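Have a look at the structure below, then the notes.
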Amino acid sequence: MSTNEQVVPPARRPRKADAPRAERVLTGIAISPGIAIGPAFGAGESPTDIVRRSIAAEDVPAQTARLDAAIAQSRKQLTKLRARLAVLPEDSQAEIAPLIDAYLQMIGASRLVRGIRRRIADSLVAAETAVADETETQAAALYAAAQADDPASRRRRADEVREIGRRLVRNLTNAPFRSFAGLPDGAVLLCEYLRPADAALLDPARLAGVATDEGGAEGHTAIMLRALGVPAVLGAAGLAQAARPGDLVIVDGGAGRVVINPEPPTLAAARRGVTAFAREQQKLARLRRLPAITADGEAVELQANLEIPPELPLIAQSGAAGIGLLRSEFLFMNRDSLPDEQTQHDAYRAIIESMAGDPVTIRVLDWGGEKDIEALSGEGLVSPAADTNPALGLRGIRLLLREPALLEVQLAAILRAAATAAGPVRVLLPMVTTVSEVRAARDIYDRVARRLRRRGERLPDKLPPIGIMIETPGAALSADALALEADFFAIGTNDLTMYTLAVDRAETEVSHLYDPLHPAVLRLVQFATEAALRMRMPVSVCGEMAANPRLTPLLLGLGLRSFSMNASAVPRVKQAVRAAKIDDCARFARRVMEQADPARIQELVLGTGAGP
Ligand code: PEP
Ligand code: MG
């Protein structure tokens, strides 16, 4: 994701109050199935909270530089938004483009920017304080003047000033969006961009659906929304500007469609869709107790990925046989300081206990890429601004080996939780690319275990296995060497696809190029799988590929027998497993792997009934 932006209020030029508003259909990326019908809630409506800060005179240049960076970032975001309007019908473009132009003007050589700069220098306040104060002063003046002449245009201008102020503050503070408290029950959340940390704060019981302007199919926000079972569409250009708060909205997460102010027939069709989806879910729920065995009797392990604890009941309902990927990032999100050993221990223990004896694979912190975590920058461990290309930067195991204390605390918490909880536990290392990283992490693991034993802690006699994610081409192609160092592999096809094809998994503009069925990706999956199978080492797929039942025959045919996925996908994948025969799958996989043309593979695997 190229912007770091939070959510944006649907500030707009008011239309004639009583003009009937026509139905408007926007298309985006289908993220999480289900149909939501509800009133629009623009997530940026509430102001961004800031901590007011005074500064010393010598800090003025640094604060001015921060302001300049935030202005540059805001300009980049707005320019990108404007470019994407081209996909909208002309009348929508004509309505939204002037608004974005007005924002761009305000962050140019404007009275507003001059005023902010003056406040930093004269009042000696931090950049975000100066932005908040100056925008509020100018907006209030515009409101006051509105009493005198042309009230509508002045008020509109005041709203626009406030909106640009919020954008600047969000870019300055990089703060997570925390104001979902005002979200009315049953509302549809519409915004420009939702970060993974924002999505983690959503309550699926209260929220009908989500749609955004930005976002890619396999970014962590998408994964989080799927995990929560919230109908969602991302990447619907023009959305945040097109809907007004309270507009009736339909989000069809399976079709990737958002309808604003639906006509009665559209609404009636959507209601029928809601009923059909619920019926289908009930049917799938019946699969819960059936074993995951192929039609010719081969057992397959189907587990769930967990991103936040509220998913646990969904995992229990899904019939998953354990957690194949616990993404521990949630423990570090939306907080100012790092979680200590006891906090982490308690969280892991509760999750392991709730799985009642089923295995749990805990992945240690995978910071980086789009997953920015304020607590880490707050403690000076990472500097988000320094990483211009975060997906290729200090991500996953790289950070943990540079800051071993982070890894030590987490491993200690996991080891203690593993000793006292009922079920088997495994430890998983993210973003490994070389054997030396596995060796270094294992040394730390052994050292932590020795230290805990000296401390008198009870640990399992045999330490939990330590495995690695295969999620870069480098790791996949070194799989035979890595298999000598690791106890198991978890193939992360989300990042593997991103790094193999050089396509940002969370970027809307290139989402059409993101193709896990590209032969290059499949060959890497095959190479890593075969390396593991030769060593008789456990290997699973835990990327989103595992969640697509149409890919199950291919993955079984490549020799894979263990999959971990978002809980809601487990029943459908089980259905595919129970329908499959291993010999047919192997034959089918051979045929697919002979193809060099991605389009032909898509056709074989997804398309026209040419499967096994
Ligand atoms: C992956 O990359 O496929 C994976 C499972 O890890 P994450 O999605 O958390 O990066
Ligand atoms: Mg990954």
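Descriptive notes on the structure:
- Fully extended contour minus Cα-Cα distance, from Gln105 to Ala141, at 0.36 nm per residue: 11.1 nm
- Remark: segment 414-426, residue by residue, has Karplus-estimated 3J(HN,Hα) of 5, 4, 5, 5, 5, 6, 9, 8, 6, x, x, 10, 10 Hz, where x stands for each Gly or Pro and the curve is 6.51 cos²θ - 1.76 cosθ + 1.60 at θ = phi - 60°.
- When Asp597, Asp584, Asp101, Asp213 are sorted by how many other C-beta atoms sit within 10 angstrom of their C-beta, beginning with the fewest, the order is Asp597, Asp101, Asp584, Asp213.
- Bins of 10 Å from zero: percent of alpha-carbon pairs in segment 482-612: 13, 43, 37, 7, 0
- Taking the convex hull of Cα positions in segment 293-606, its mean projected area over all directions (nm²): 15.7
- For Tyr514, Tyr348, the sequence from fewest to most other C-beta atoms within 10 Å is Tyr514, Tyr348.
- Taking other C-beta atoms within 10 Å as the exposure proxy, His345, His220, His512, His518 rank His512, His518, His345, His220 from fewest upward.
- The mean sequence separation of alpha-carbon pairs under 8 Å and at least six residues apart, normalised by the residue count of the chain, gives a relative contact order of 15 percent.
- Centre separation in Å (Cα based) which lies between segment 299-366 and segment 538-554: 20
- Close amide H pairs (under 5 Å, H built 1.01 Å from N) link Gln303 with Ala321, Phe563, Ser564, Met565, residues at least 5 positions away or on another chain.
- The loop-placed trypsin sites (Lys or Arg not before Pro) in segment 223-292, going by DSSP, include none that has at most 16 neighbouring Cβ atoms within 10 Å of its Cβ.
- Taking amide hydrogens as placed 1.01 Å from N in the peptide plane, the amide H of Leu207 sits under 5 Å from those of Gly186, each at least 5 positions away in sequence or on another chain.
- Fraction of the pair-distance distribution of the chain above 44 Å, Cα-Cα pairs, percent: 22
- More than 23 angstrom apart: percent of Cα pairs within segment 57-173: 34
- Integer Hz, Karplus 6.51/-1.76/1.60 couplings in order for segment 541-557, x for Gly and Pro: 10, 10, x, 5, 4, 5, 8, 9, x, 6, 9, 4, x, 5, 5, 4, x
- Loop-located trypsin sites (Lys or Arg not before Pro) in segment 322-359 whose Cβ has at most 10 other Cβ within 10 Å (DSSP): none
All of the numbers you see were taken from the coordinates with simple rules; none came from a lab. Small disclaimer: the values here were computed from a predicted structure and weren't measured. Neighbour counts are summed over all protein chains in view; Cβ atoms, including those assigned to glycine, are modelled from backbone coordinates with ideal geometry.
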